[in-house]
Structures are given as structure tokens and as C-alpha cells.
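Colleague: I have a structure here, written as C-alpha cells, and I will follow up with some questions on it.
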Amino acid sequence: MTRRKTAVNAESAQDPENPVQPQEQQADVPASGDPASTAAPEAGKTKWNSRIGGGWGDFEAGVRLNEDHRNRRMTIKFDEKPSEEVRKLMKDEYGYRFDGENQLWYKRINPATARQAREEAEELAFQVANLIRHEKGLEQKESFSIGM
């Protein structure tokens, strides 16, 4: 069976320097300014905001606690670099590690002990927030309403 030439195919055959794609192929190619474009994200940007769950923050102390559902980890982010005392508490006593790409501290969540990991993260966030409050000369908090 032979194929019939369409107007688009005829045009591209006439001008080899400016070939025109058939319409069904053009619809699949997103424009560079199109929001649905599958182009790579800007350099240096991560998709961090799309994967974090609800959290808690002490904004005066500059501490935010979140659960990263996609990567199964609890994260603590600081507005400023925490003191040596805070970093030592996080590393040595709670086993948190620093993620340099996203500039936050994290600890993996074991699915078998997820509730315990969340409670431990809440406790740590409370402790480091009060340590930072003390360093900044702010009033200590008796308790925080975390409710993750």
C-alpha cells in the first residue's frame, strides 16, 4: 500500500533547509516557555519542597522540623549554621547527618519504628530550639505544640 503525501509532507519535501514536522509530532514537543515542559530544572535548584510533609518550626530560634516522605527521613533545617554544641548533640547523641546539597540535617526513618523516630525528632528539635534560644538570649519554651 502506498502512502499519500499530505500538504505538510509536500512542503518539507520542497524546502529541505526548513523541514516541517507533521502535526501529530508537533503536539508532542513542548515549547521552551511552556509550563508543562519537561525541560531540566534550573541549575542548583532541587525538588525539595515537593517531597516534604507537614512539620513544625520555631521561627525565632530558626529551627524547622519536617518529614521527608519520599526519602523516609526526618529533617531539621536551620536558618543559620548551628553552634558546635548543637551539632554535637545532633551527631553524637541522636545520629543525625548533614546533607550539604539541601543544607539540612537528617536521620533515616525505619518503617518498623517510624512513630518512635518521629517522637525522637520532635524531642531533638525541641532541645536544639531551646539551646539556640539560650544562645540568642531568648525566652526558653516549656513545650511546643508540634502535632505532626
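Bear in mind these aren't lab numbers, they're just calculated from the coordinates by the rules spelled out. If you're wondering where the values come from, they're calculated on a predicted model, not measured in any experiment. Cβ coordinates were reconstructed from backbone atoms using ideal geometry, including for glycine residues, and neighbour counts include every protein chain displayed.
Colleague: Ala112 to Asp92: FRET efficiency via 1/(1 + (r/R0)^6), r the Cβ-Cβ distance, R0 25 Å, to the nearest 0.05? Don't jump to the answer; show the numbers that get you there.
Modeller: On the way: r = 24 Å, r/R0 = 0.96.
It comes to 0.55.
Colleague: Here is a further query. State the extension gain, in nm to one decimal, for the chain segment bounded by His69 and Lys81, taking 0.36 nm per residue of separation less the distance between their alpha-carbons. Don't jump to the answer; show the numbers that get you there.
Modeller: Details: separation 12, 0.36 × 12 = 4.32 nm, distance 2.46 nm.
Computed gain between His69 and Lys81 is 1.9 nm.
Colleague: Hey, what's the Cα Rg ratio for segment 60-128 versus the globular rule of thumb, 2.2 N^0.38 Å? Intermediate results must be reported in sequence, preceding the final value.
Modeller: On the way: Rg = 11.3 Å, N = 69, 2.2 N^0.38 = 11.0 Å.
Scaled against compact globular proteins, the figure is 1.03.
Colleague: Tell me which residues come under 5 Å, amide H to amide H, from Ile109 once H is placed; ignore anything under 5 positions away on its chain.
Modeller: Correct list: Arg73, Met74.
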